[in-house]
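Step one of this worksheet: look at the structure below.
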Amino acid sequence: MIRWLLVLGVVASTVVGDVLQSIEMKKVGEVEDFTASGLTRLARTLARRKLLILAIFFMAISFACFMILVSVADLSFAVPATAASLVAETILARILLQEHVSPRRWMGAALVASGVVLLAF
């Protein structure tokens, strides 16, 4: 039971962190100035983005949950089970971020979901 709670912690925090990061990165835009001053300006801009800081917090939670998970469960369980985040991220990319998701990606997400279901047995 504890293993699945940790998997849920990893998946939920990874998904939230990735979605928040994507939202902020779309607002900042593409990096075009790779000079020292341009990168410094970018670092200052990113340090002030509240959702990006929150994304980093959620990714730290994800990492902590994953480290605890691999200490109580086999790696052969932990890595495939936490791949469920790909399924949730695909759904949220389409619904929340309004991104185009190709049929190939949907099929891949379905295969990953099937694998996670098989792990549950």
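Read-outs throughout are calculated quantities, based only on the coordinates presented, and are distinct from any laboratory measurement. Here the structure is a predicted model, which is why all the values come from computation and not from measurement. Glycine also receives a Cβ, built like all others from the backbone with ideal geometry; neighbour counts cover every protein chain displayed.
Of M59, M1, how do they rank once you tally other Cβ atoms within 10 Å and put the fewest first?
Final ranking by Cβ density, sparse to dense: M1, M59.
With an 8 Å cut-off on Cα pairs and a minimum separation of 6 or more residues, tell me the relative contact order of the range 2-120 in percent.
Dividing the mean separation by the residue count of the range 2-120 yields 36 percent.
Sort 26-35, 65-74 by the packing proxy (mean of other Cβ within 10 Å over each peptide's residues), most packed first.
Going from most to least packed, we get 65-74, 26-35.
Taking just the alpha carbons, could you work out the radius of gyration and Dmax for the range 2-120, both in angstroms?
Taking only Cα atoms of the range 2-120, I get Rg and Dmax of 16.7, 51 Å.
Residue by residue, what Karplus-based ³J(HN,Hα) values in Hz, rounded to whole numbers, does the range 94-100 have, using 6.51, -1.76 and 1.60 with θ = phi - 60° and x for Gly and Pro?
Per residue, the Karplus-derived 3J(HN,Hα) values read 6, 7, 7, 8, 6, 8, 7 Hz.
Looking only at S85, S62, S76, which one moves most when the chain is put into a Gaussian network model with springs between Cα atoms under 10 Å?
S76
In bins 5 Å wide, starting from 0, what share of all Cα pairs of the range 58-102 does each bin hold, as a percent?
5, 20, 21, 19, 15, 11, 8, 1
Within 10 Å of each candidate Cβ there may be at most 12 other Cβ atoms; applying that plus a DSSP loop requirement, which trypsin sites (Lys or Arg not before Pro) in the range 35-121 survive?
Filter output for the range 35-121: R48.
Using only Cα atoms, tell me the angle between helix 103-120 and the longest principal axis of the chain; keep it within 0 to 90° and round to the nearest 10.
So the inclination is approximately 40 degrees.
In deg cm²/dmol, rounded to 500, what helix-only [θ] at 222 nm does the chain give when every DSSP H run of at least 4 residues adds -39500 (n - 2.57) and the total is split over its residues?
-27500 deg cm²/dmol
Let's see if you can work this out: charge +1 on each Lys and Arg Cβ, -1 on each Asp and Glu Cβ, no other charges. What is the dipole magnitude of the chain about its Cα centre, in debye to the nearest 20?
The calculation lands at about 280 debye.
Give me the extension gain from I23 to I56: residue separation times 0.36 nm, minus the current Cα-Cα distance, reported in nm with one decimal.
10.6 nm
Karplus couplings for the range 55-65 from phi (6.51 cos²θ - 1.76 cosθ + 1.60, θ = phi - 60°), rounded to Hz, Gly and Pro as x?
Once θ is set to phi - 60°, the couplings for the range 55-65 become 4, 5, 4, 5, 5, 5, 4, 4, 4, 4, 4 Hz.
Any chance you could give the angle, 0 to 90 degrees and rounded to 10, that helix 2-28 forms with the longest Cα principal axis of the chain?
Here the helix axis deviates by roughly 20 degrees.
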